[in-house]
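Take a look at the structure below.
No lab work stands behind these numbers, since they all come straight from the coordinates. Since the structure is predicted, the reported quantities are computational estimates derived from the model, not experimental observations. As a convention, Cβ positions derive from the backbone with ideal geometry for all residues, glycine included, and neighbour counts pool all protein chains shown.
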Number of protein chains: 2
Amino acid sequence: MTNVLFAARPERWQSYETPLREALADAGLPDAVLSTELDPEVVEYIVYAPNSGLTDFSVFPRLKAVLNLWAGVEDVVGNETLTVPLARMVDTGLEEGMVEWVTGHVLRHHLGIDAHIHGQDAVWRAGVVPPLARDRVVTVLGLGELGTACARALAALRFDVRGWSRRPKDVPGVECHAGPDGLRDALTGAEIVVLLLPDTPATRNILDAGALRLLAPGAVVLNPGRGPLIDDDALLAALDEGHIGHATLDTFRQEPLPPDHPFWSHPRVTVTPHIASETRVPTASRVIAENIRRGEAGEPFLHLVDRGAGY
Amino acid sequence: MTNVLFAARPERWQSYETPLREALADAGLPDAVLSTELDPEVVEYIVYAPNSGLTDFSVFPRLKAVLNLWAGVEDVVGNETLTVPLARMVDTGLEEGMVEWVTGHVLRHHLGIDAHIHGQDAVWRAGVVPPLARDRVVTVLGLGELGTACARALAALRFDVRGWSRRPKDVPGVECHAGPDGLRDALTGAEIVVLLLPDTPATRNILDAGALRLLAPGAVVLNPGRGPLIDDDALLAALDEGHIGHATLDTFRQEPLPPDHPFWSHPRVTVTPHIASETRVPTASRVIAENIRRGEAGEPFLHLVDRGAGY
């Protein structure tokens, strides 16, 4: 018998209870106990959302692993009461959804679709044709699972794709850069920038005033990654002076984004409510059940967080 | 020496003169005479746009071929004075641009981007996440060069893609249907329909009231193909009653679309000014030069029109 505590907001339990029980049964653990309330003495695994309210892991003496429901772990990785393995969510559904959000918004800005949506003014503007994707430089910052998947999808659509990561990576069809010097090369002249870095002390404010100045005039910023990657004031200033043409933002330093935040009212900003990286319940349930199966079988966990690197 | 008449509107000549001369030289024909005015007696090839005003081909006794600048040939294929081979434009740049327009607008509607563009009202609507592409049925009518390229690109993005063509085709990753019976299967329950058929008597009004009723409630119609493929009144009625959620239209029965046409003012219609299938000058020039080289070398022409089928 395996005891699994589900620690997330109540609406998540509503979504996950049935699929997670099915996934556990499919993984060979039909007798697993899955509940939102368990005696801390018996808890072996915690299915965990960082906004659950649970912050003291020291009360679970038999805890074997914490299985994060989110891709982002910045709100839990520094928790000193957490001494057992911590796994991130790497959900194929999440990855697919992210690729769709990123390719959709890249193509939206590439094609200038907003001008058509806003400009149904009965004026036929023939001959205003966007360049081909092959002549459009798109830079993806962050080449983890999500960044790599997005960079590959954009390259498949023939965009001129550059990628950047802290450590050198190789992605077919993508001009890869690494390290602090590589960042300058990756950003210089880029027309669309996609932020898919983890939130760590090294990445915070990576898109600051200096980085924004490197981009092509009129460049577009897409942030489906983490709010703190952007220096918000620098972005607003660059939008106001016109050097940045548009920002489409899905993640923010404070979520929900406060109603009086200038991003909401800025004519060159599109806010989406943290939907790009939404975990999909059926696929995520299978990932969690597989990790519990591995724990019980003594096999290594999937998607372990590197506590030193912070992701 | 090869005599080539350029018959298109003056602005086209401005765009094409230099690239076409370069392409002819690159094709081994540096001495070719290329002009907008030539003695009809000497003309051997005509680079042709159907809106050029030239309609009588019987005055060119030495004519070897007509090389259309456009993909669409419906305005020239029935011309009885044209008795020499007629080639369509199959431009890799045009194909790439079409794939970008189609994938961009499919993703726009799939992700519900319009709601975000219009709805920057400081209300954080968490949890409203679109389905994954794998759960979205997209049907492409027409599996010629352009339709096939678009269907493949959508399948690569994991959409649930169906294709339909008059004659049976096989496209990897696409559920292919053919013939009148197959049309019903291809359309039934489709959530996004992309029209990429040629304009022939058999395809005119193919998306009529009956066909529209087969689509899923709230379905989206994309028409980057040809205006007459749609019964406009039936589409407007289906939009008004809400069965069709949106139409994004790039081609029309009359172009420019008249300022008082209801498509301009309908809240569920986006008009784009025939930009999806824009020929790109450098790539198109190479296609034309290659066909002239073939004609002079006695090799078969590329992209010949089947005069009986009408495309």
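Brief remarks on what is shown
- Long-range amide H partners of residue A:65 with built H, under 5 Å: A:46
- Qualifying GluC sites (Glu not before Pro) for the stretch A:173-267 [loop in DSSP, other Cβ within 10 Å: at most 11]: A:241
- Averaged over the residues of peptide B:273-282, the number of Cβ atoms from other protein chains lying within 10 Å of each residue's Cβ is 3.
- Rg to Rh, two decimals, where the protein assembly as shown supplies the alpha carbon set and Rh follows Kirkwood: 1.04
- Separation of alpha-carbon centers, the stretch A:229-267 and the stretch B:79-138, rounded to whole Å: 27 Å
- An oblate overall shape is assigned to the stretch B:94-271, the ratio a/c of its alpha-carbon gyration tensor axes (a ≥ b ≥ c) being 1.5 or greater and a/b not exceeding b/c.
- Here the 3J(HN,Hα) profile of the stretch A:242-252, calculated from phi with Karplus coefficients 6.51, -1.76 and 1.60 at θ = phi - 60°, is x, 5, 9, x, 6, 10, 10, 10, 10, 10, 9 Hz, Gly and Pro shown as x.
- The residue among A:244, A:111, A:156 whose Cα reaches farthest toward the positive pole of the charge dipole of the stretch A:94-271, with charges on the beta-carbon of Lys, Arg, Asp and Glu, is A:156.
- Prolate/oblate/rounded call for the stretch A:166-306, Cα gyration tensor, a/c under 1.5 rounded: oblate
- 3J(HN,Hα) couplings calculated from phi for the stretch B:297-310 with the Karplus curve 6.51 cos²θ - 1.76 cosθ + 1.60 (θ = phi - 60°) are, in sequence order, 8, x, 8, x, 6, 8, 6, 5, 7, 7, 5, x, 6, x Hz; Gly and Pro show x.
- Kirkwood-type radius of chain B, with distances r between different C-alpha atoms, in Å: 20.9 Å
- Of all aspartates and glutamates in the structure, those lying under 14 Å Cα to Cα from residue A:64, and not within fewer than 8 positions of it along the same chain, are A:41, A:44, A:296, A:299.
- Phi-based couplings in Hz for the stretch A:25-41 (Karplus 6.51, -1.76, 1.60; Gly and Pro marked x): 4, 5, 7, x, 10, x, 9, 4, 8, 10, 7, 8, 9, 9, 4, x, 4
- Prolate/oblate/rounded label for the stretch A:1-136 (Cα gyration tensor, a/c 1.5): prolate
- Amide proton proximity set for residue A:244, modelled H, under 5 Å, gap of 5+: A:218, A:239
- In a simple Cβ point-charge model (Lys, Arg +1; Asp, Glu -1; nothing else charged), the stretch A:94-271 has a dipole of about 440 debye relative to its Cα centre.
- Two-site FRET efficiency, residue A:209 against residue B:36, from Cβ-Cβ distance with R₀ of 51 Å, rounded to 0.05: 0.45
- Per-residue average of Cβ from other chains inside 10 Å of A:284-290: 0
- Student exercise, the stretch B:177-255 dipole from Lys, Arg, Asp, Glu Cβ charges, in Debye to nearest 20: 160 debye
- Chain A, relative contact order [Cα under 8 Å, separation at least 6], %: 18 percent
- Distance between the stretch A:12-29 and the stretch B:175-197 - C-alpha centres, whole angstrom: 37 Å
- Residues considered: A:246, A:109, A:266. Largest GNM mean-square fluctuation over chain A, using C-alpha springs under 10 Å, is found at A:266.
- When the trypsin sites (Lys or Arg not before Pro) in the stretch A:271-302 are filtered for DSSP coil states and for at most 11 other beta-carbon atoms within 10 Å of their beta-carbon, no site remains.
- Most mobile listed residue (A:165, A:277, A:15) in chain A, GNM with C-alpha springs under 10 Å: A:15
- Expected 222 nm ellipticity per residue - DSSP helices of 4 or more, -39500 (n - 2.57), all of chain B, to 500: -10000 deg cm²/dmol
- Restriction of the GluC sites (Glu not before Pro) in the stretch B:1-91 to DSSP coil positions whose beta-carbon has at most 14 other beta-carbons within 10 angstrom yields B:37, B:80.
- Averaged over peptide B:101-107, the number of partner chain Cβ atoms lying within 10 Å of each residue's Cβ comes to 6.
- Each Lys and Arg contributes +1 and each Asp and Glu -1, all at the Cβ; summed about the Cα centre of the protein assembly as shown, the dipole is approximately 740 debye.
- When chain A is treated as a Gaussian network with alpha carbon springs shorter than 10 Å, the biggest mean-square fluctuation among A:188, A:83, A:103 belongs to A:83.
- Angle between chain B longest axis and helix B:145-156 axis [Cα atoms, degrees, rounded to 10]: 40 degrees
- Projecting the Cα positions of B:174, B:60, B:138 onto the charge dipole of the stretch B:54-191 (unit charges on Cβ atoms of Lys, Arg, Asp and Glu, taken about the Cα centre) puts B:174 furthest along the positive direction.
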